[in-house]
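Data block below; observations after.
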Amino acid sequence: MIKFGVVMFPGSNCDHDCFYAVQQFFSDQVDFIWHKSTDVHGYDCIVLPGGFSYGDYLRTGAIARFSPVMSEVKKFASAGKPVIGICNGFQILLESGLLPGAMLRNTSLRFICKYVHIKPVNFSTPFSKGLKKNEAIHIPVAHGEGNYYIDDEGLKKLQKNNQIVFQYCNERGIVSDDFNPNGSVANIAGICNEAGNVLGMMPHPERCCDPMLGSSDGKRIFESLLQSLNQRQTV
Amino acid sequence: MDFKVTIVVTLKPSVLDPQGTTVTEALHHMGYNNVSDVRMGKFMEVSVQASSEKAAEQQAHEICKKLLVNPVIETYRLTIKPAQEAAV
């Protein structure tokens, strides 16, 4: 059985959603990990959930990165184990240097809370291996600072290393400025590290696993992850 | 000795500032058509105890780089004064 750990920072508010989605659909083995914990032993995947860790004070994710658990998360990640940061979790991964770039305020001048479409463009990460080319995943976003920024040189590096995992698109999978909700460079909705085991994404897959909530497309990302982890365990 | 450090953090000139752009537009709507390029930033005051002004300054730069500023998008400048002088 694949064991998940969902980190709780003060101010996290999607921790229970992540816990629910995992427990309901993917694994009986899921724990909350308090941010002061320094023990992440025994987990197969760590989830950094969305919310407003430390009230978004200073910068989003800037203070959470110094939580005691984060040095363990870094070790976990450098051992090649999967880490997924969703929304504020993505912001924490950026601030901690596990992923490159930074977040700016949305260009649209508002907190965006709606369903969008994203297109997988990298099929080599455990999170996206099971996804199909040209599929448009219907998934909600909810953020005020999801405007992903990286300088030109950094963007080239991301492209060269195939680190862009998801891009905002329309329902037919067409990526263009018209379907960019927040102003992100290159319509970026999610990126991974060079090794591919750390994923950060602004949209919320955990909010669209239960079909009762309007879409179950988010399941596809978790299913891909489970499939990869199960394969790894049997090898 | 006690020192007072004041730090101004701004977005790098190359980084678009949606907040600043919005404020600029609001000012234009108010009729201030001669103003432009509003850039939003942060102002911070920090008290530092150190053996010398140089040591305090060094530490101030260190905390800026480690926490107060994100070098990917932001830049900063700081000034430092003995606390007594700063209070006047």
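We did not get these values from a lab; they are worked out from the coordinates using the rules stated. Note that this is a predicted model, so its numbers are computed, not measured. Quick reminder, even Gly has a Cβ in these numbers, built from the backbone with ideal geometry, and neighbours come from all protein chains shown.
Here are the numbers for this structure:
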{"quantity": "Spans of helices (runs of 4 or more DSSP H) in chain B with at least 3 residues surrounded by 13 or more Cβ atoms within 10 Å (Cβ to Cβ) and away from chain A (no Cβ under 13 Å)", "calculated": "B:53-63"}
{"quantity": "Any chance A:Val121 is touching a strand residue (DSSP E or B) at 6+ places or on another chain (Cβ under 7 Å), more than 13 Å from every other protein chain (Cβ to nearest Cβ) and under 20 Å from A:Met202 (Cα atoms)", "calculated": "yes"}
{"quantity": "Residue that is touching a helix residue (DSSP H, G or I) at 6+ places or on another chain (Cβ under 9 Å) and either under 22 Å from A:Gln91 (Cβ atoms) or not acidic (Asp, Glu) (or both), where the choices are B:Lys42, B:Lys54", "calculated": "B:Lys42"}
{"quantity": "Qualifying residue in the stretch A:125-145 (condition: within 14 Å of chain B (Cβ to nearest Cβ) and buried (at least 21 other Cβ atoms within 10 Å of the Cβ))", "calculated": "yes"}
{"quantity": "Qualifying position, being of a type in the set (A, V, I, L, M), in contact with a helix residue (DSSP H, G or I) (Cβ under 8 Å, 6 or more places away or on another chain) and under 18 Å from A:Cys87 (Cα atoms), among A:Val116, A:Val141, A:Val175", "calculated": "A:Val116"}
{"quantity": "Residues of the stretch A:92-107 that turn out to be more than 8 Å from chain B (Cβ to nearest Cβ) and either closer than 16 Å to A:Val69 by Cβ or within 9 Å of the chain's Cα centre (by Cα) (or both), as a count", "calculated": "5"}
{"quantity": "Selection from the stretch A:91-106 of residues that are in contact (Cβ under 8 Å) with a residue 60 or more places away in the chain and either farther than 19 Å from A:Ala142 by Cβ or out of contact with any Ser or Thr (no Cβ under 8 Å at 6 or more places or on another chain) (or both)", "calculated": "A:Leu93, A:Leu94, A:Leu98, A:Leu99, A:Pro100, A:Gly101, A:Leu104, A:Asn106"}
{"quantity": "Filter pass, A:Lys119 being among the basic types (Lys, Arg) and either without any contact (Cβ under 8 Å) to a residue 24 or more places away in the chain or surrounded by fewer than 18 Cβ atoms within 10 Å (Cβ to Cβ) (or both)", "calculated": "no"}
{"quantity": "Segments classed as helices (runs of 4 or more DSSP H), wholly inside the stretch A:1-103, with at least 2 members that are in contact with a strand residue (DSSP E or B) (Cβ under 8 Å, 6 or more places away or on another chain) and β-branched (Val, Ile, Thr)", "calculated": "A:68-78"}
